[in-house]
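Please read the structure below before turning to the comments.
The values are calculated or read from the model by the stated rules, or taken from the named source; none is laboratory data. Computed from a prediction, not measured in an experiment: that's the story for all the values here. Don't worry about glycine lacking a Cβ; one is built from the backbone with ideal geometry, like all the others, and counts go over all protein chains shown.
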Ligand code: PEP
Ligand code: MG
């Protein structure tokens, strides 16, 4: 007859695979179900006896009258709380009835100190009982059926030995004694052998294969234990168990840890001759410098009559329009979006009106166009908004394109040979797009900012780039051999032979790694010790979605929906939006697609959304504040997302949240519209963590949201009080700053306390150096630029969670972003 195990807790029943701890996820301790608790009292799952109750009060094991043994482990890493937050209500040896309370715990305080509250309920003697039925994927009440067990017919073990028992003594170095996790590892090790192995502690004896028996030994750090083995391979089994007991089993050294700071490598200073810069797109490149010297395009002042000049301007604009269309068709989605912006400038009514007014006054088409463009640049500069000022590049770009069409001046980009490293004062987006066709190896710019269009395009193309390198770059002549290290942030001109050879080896290794990563791009992503990490991609368009799917993305963690709203004169209709979201969802069939609600304002103005002039736009009406101030925009977008089929594939994410009230207000809109539209299934609503307020109240937000996703680009600018678009502070805007990392860690910890997952969708997730740190801090989803997905998966596969956590802990102790980067490089060298 089946033995019914009732749920010891009220909560959400989940498969063991979802537990972010390999001991449980890989069933080292046995099979079972995990509960994400909603209640605070653990009750007996059957009539039986309490076999062990750990002195920390975080775990209890019971044996039923039929002999089934079940362990209930409240939360992960809770042994380290040393009893804080747990109130045991029974003692080992007590006979209990199903439903009797066993342990009460303070959910908030335990959650804040634990890695997760998820509570595995494990049948530890799987050799004797098998699970025939189990509940997962839904809420369960305490005392509701969780699992049904049936006994396994066990053959009597036949020993092929002469009965000799061999023994060794060990002193326990485990900081918390043999608790559930080490017990599982010991059991797993013992099961590899035929021999019977027992552990003896004083007068207590336990079979090493039995988690419950090991827990019942009640061991502590420093205890003297005897290990006994008997059987054909007794010697090997004894040696393996003794070796395991002699280690810390990944639980952390029992001795006082060495001061963390001592292990942080020094930040390498620039060597003589090296030129430092800001990393706009990470990577390595080696090749000769190719200088891009922009020649001035001369134009006549006087025109040849306004009719002729108007016609010439019109013809030049038509020619440029065709060229832009061709570039957009050849390039990827990033290129296409820059080209769209250029088309909008080419047809900008103010620019055209300004040029026509000058032509009417007798100027030539070229002189008039240049004058009109520079009027606009003066206006943009007068705003004082660094991000808008950075966009003057696009205006200069469109100026030069039209002037070239008018005068026949040669294109700037012809001179860059394949494999060269382009060195320039600055670069215009169209120049980059044209140059990229000849396959340069990398880019070095005297000026520029890490969030400029050029930087974003380079990152999308996987082209290593350093910007803001300063005038030292002027000394680099055409043909100078360069080693471009856009991982460390410097370039080495005229390297020694030894340096070149070492760099070539690094490049070859990196290429081999990328190749291997691409080959495994479609595989699911787990750490080396089996923890599931989801690898998503950030998208703007359906083309991006197709690229992402081809690169093995498991969904999209950020659809920047503003791509539909910018560079146009009115807001897209519900139908237009719905069609766009549906196409993206269709390109990623069966995979989650997280659509971020309109994120305009601040650095992304949309002309048709009335936002008064603001002295400080980054702190003004932006992100979700815009939607809440313009409800019809918000409701149209929510309806368009809710209409996407299958319902639930598209989730909704709120940008720039600063308080819980904003989440509640949007949730109310979503639920009301869902009701009106007759949609029965729930649709997840998540929150972007981009403000320090959101990070520090992640537990409060997580109580209202289904998930959190950290936008490191904005979080960095708000934590460091450095405008992400201001080239003057570009060198300091590094999301690896320990202050940003600490807030990321805090976000993960607080969200885990409420059982919510945290992802990272900001640029830091696409930085190879940051991936191990983000995983170690507790992120379980990364959403990266599509091209980085295979490499990110490969990095995750090479990590264990314990190593990532230790590494992240060290990163939090660093004093600067530069120190964190030096630490990350040392970690990479050690682990790859
Ligand atoms: C971020 O701020 O990190 C983010 C992902 O949003 P965006 O870069 O679009 O502002
Ligand atoms: Mg943002």
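The set of residues from region 697-726 being more than 16 Å from ligand 2 (Cβ to nearest atom) and either within 22 Å of residue 766 (Cα to Cα) or in a strand (DSSP E or B) (or both) comprises just one member, 707.
More than 19 Å from residue 561 (Cβ to Cβ) and within 16 Å of ligand 2 (Cβ to nearest atom) - does that describe any residue in region 652-659? Checked against the condition, which is being more than 19 Å from residue 561 (Cβ to Cβ) and within 16 Å of ligand 2 (Cβ to nearest atom), region 652-659 yields at least one hit. Would it be correct to say that residue 779 is surrounded by 24 or more Cβ atoms within 10 Å (Cβ to Cβ), within 16 Å of ligand 1 (Cβ to nearest atom) and assigned to a loop (DSSP other than H, G, I, E, B)? In short, yes.
Of the set (1) surrounded by fewer than 22 Cβ atoms within 10 Å (Cβ to Cβ); (2) away from ligand 1 (no atom under 16 Å from the Cβ), all apply to residue 621 but (2).
Residue 664 fulfils the conditions (1) under 23 Å from the mean Cα position of the chain (by Cα); (2) more than 16 Å from ligand 2 (Cβ to nearest atom); (3) closer than 23 Å to residue 748 by Cα except for a single criterion, (1). When region 703-750 is filtered for residues that are within 11 Å of ligand 1 (Cβ to nearest atom), at pLDDT 95 or above and out of contact with any helix residue (DSSP H, G or I) (no Cβ under 7 Å at 6 or more places or on another chain), the ones remaining, listed by number, are 709, 711.
Can you tell me which residue within region 606-619, out of those that are out of contact with any helix residue (DSSP H, G or I) (no Cβ under 8 Å at 6 or more places or on another chain) and in a loop (DSSP other than H, G, I, E, B), is modelled with the lowest pLDDT?
Initially, region 606-619 is screened for residues out of contact with any helix residue (DSSP H, G or I) (no Cβ under 8 Å at 6 or more places or on another chain), giving 607-608, 610, 612-617, 619.
Within this subset, residues satisfying the condition of being in a loop (DSSP other than H, G, I, E, B) are 607-608, 610, 612-616.
Numbers: 607: 73, 608: 83, 610: 78, 612: 79, 613: 78, 614: 80, 615: 81, 616: 85.
Applying the filter and picking the extreme gives 607.
When region 638-661 is filtered for residues that are buried (at least 18 other Cβ atoms within 10 Å of the Cβ) and within 16 Å of ligand 1 (Cβ to nearest atom), the ones remaining, listed by number, are 651, 652, 653, 654, 655, 656, 657. Just give me the residues in region 669-696 being assigned to a loop (DSSP other than H, G, I, E, B) and more than 16 Å from ligand 1 (Cβ to nearest atom), in sequence order. Result: 678, 679, 680, 681, 682, 683, 684. What about residue 377, is it without any contact (Cβ under 8 Å) to a residue 60 or more places away in the chain and under 26 Å from residue 444 (Cβ atoms)? When the stated conditions are applied, residue 377 passes them.
Kindly establish whether residue 694 is within 30 Å of residue 107 (Cβ to Cβ), under 24 Å from the mean Cα position of the chain (by Cα) and within 13 Å of ligand 2 (Cβ to nearest atom). Walk me through it before giving the result.
On the way: within 30 Å of residue 107 (Cβ to Cβ): yes; under 24 Å from the mean Cα position of the chain (by Cα): yes; within 13 Å of ligand 2 (Cβ to nearest atom): yes.
In short, yes.
When residue 504 is tested against (1) surrounded by fewer than 19 Cβ atoms within 10 Å (Cβ to Cβ); (2) within 24 Å of residue 335 (Cα to Cα); (3) modelled with pLDDT of 80 or more, only condition (2) is not met.
Applying the criterion of being part of a helix (DSSP H, G or I) and touching a residue at least 60 places away in the same chain (Cβ under 8 Å) to the residues of region 84-109, the residue that is surrounded by the fewest Cβ atoms within 10 Å (Cβ to Cβ) is 108. A count restricted to region 448-467 and to residues that are in a loop (DSSP other than H, G, I, E, B) and buried (at least 19 other Cβ atoms within 10 Å of the Cβ) stands at 7.
Only a single criterion out of (1) more than 16 Å from ligand 2 (Cβ to nearest atom); (2) surrounded by fewer than 21 Cβ atoms within 10 Å (Cβ to Cβ); (3) over 27 Å from residue 813 (Cα atoms) is not satisfied by residue 729, namely (3). Take the conditions in contact with a strand residue (DSSP E or B) (Cβ under 8 Å, 6 or more places away or on another chain) and in a helix (DSSP H, G or I) and apply them to residue 309. Does it pass? Yes: the conditions hold for residue 309.
With within 16 Å of ligand 2 (Cβ to nearest atom), part of a helix (DSSP H, G or I) and surrounded by fewer than 23 Cβ atoms within 10 Å (Cβ to Cβ) as the only criterion, which of 543, 576, 562 stands out? Only one candidate qualifies: 562.
For region 523-540, the set of residues classified as assigned to a loop (DSSP other than H, G, I, E, B) and more than 16 Å from ligand 1 (Cβ to nearest atom) consists of 523, 524, 525, 527, 528, 529, 530, 531, 533, listed by residue number. Checking 804, 753, 792, 765 one by one, the residue that is buried (at least 23 other Cβ atoms within 10 Å of the Cβ), under 17 Å from the mean Cα position of the chain (by Cα) and away from ligand 1 (no atom under 16 Å from the Cβ) is 804 and no other.
For first residues located in region 550-564 and over 18 Å from residue 654 (Cβ atoms), partners that are assigned to a helix (DSSP H, G or I) and lie 6+ apart or on another chain with Cβ distances below 6 Å form the pairs 551/786; 551/789; 551/790; 552/789; 552/790; 553/789. Checked against (1) more than 16 Å from ligand 1 (Cβ to nearest atom); (2) part of a loop (DSSP other than H, G, I, E, B), residue 581 meets all criteria but (2). Listed by position, the helices (runs of 4 or more DSSP H) inside region 128-247 whose residues that are surrounded by fewer than 17 Cβ atoms within 10 Å (Cβ to Cβ) and touching a residue at least 40 places away in the same chain (Cβ under 8 Å) number at least 2 are 234-245. Here residue 736 passes the criteria (1) away from ligand 2 (no atom under 14 Å from the Cβ); (2) under 16 Å from the mean Cα position of the chain (by Cα); (3) surrounded by fewer than 21 Cβ atoms within 10 Å (Cβ to Cβ) except the one numbered (3).
Return the pairs, sorted by first residue and then second, in which the second residue is more than 16 Å from ligand 2 (Cβ to nearest atom) and outside any helix (DSSP H, G or I), the first residue lies in region 648-668 and is in contact (Cβ under 8 Å) with a residue 60 or more places away in the chain, the beta carbons are less than 6 Å apart, and the residues are 6+ apart or on different chains. Between residues of region 648-668 that are in contact (Cβ under 8 Å) with a residue 60 or more places away in the chain and residues that are more than 16 Å from ligand 2 (Cβ to nearest atom) and outside any helix (DSSP H, G or I), the close pairs are 649/593; 650/593; 650/644.
The number of residues in region 5-26 that are buried (at least 19 other Cβ atoms within 10 Å of the Cβ) and out of contact with any strand residue (DSSP E or B) (no Cβ under 7 Å at 6 or more places or on another chain) comes to 3. Taking region 477-486, which residues are in a loop (DSSP other than H, G, I, E, B) and surrounded by 22 or more Cβ atoms within 10 Å (Cβ to Cβ)? Selection gives 486 alone. Among the residues of region 673-681, is there at least one that is at pLDDT 95 or above, touching a strand residue (DSSP E or B) at 6+ places or on another chain (Cβ under 8 Å) and surrounded by 15 or more Cβ atoms within 10 Å (Cβ to Cβ)? There is no residue in region 673-681 that is at pLDDT 95 or above, touching a strand residue (DSSP E or B) at 6+ places or on another chain (Cβ under 8 Å) and surrounded by 15 or more Cβ atoms within 10 Å (Cβ to Cβ).
The lone criterion from (1) more than 16 Å from ligand 2 (Cβ to nearest atom); (2) at pLDDT 95 or above; (3) not in a helix (DSSP H, G or I) left unmet by residue 567 is number (2).
A single member of 626, 593 is within 16 Å of ligand 2 (Cβ to nearest atom) and either within 26 Å of residue 778 (Cα to Cα) or touching a strand residue (DSSP E or B) at 6+ places or on another chain (Cβ under 6 Å) (or both), and it is 626.
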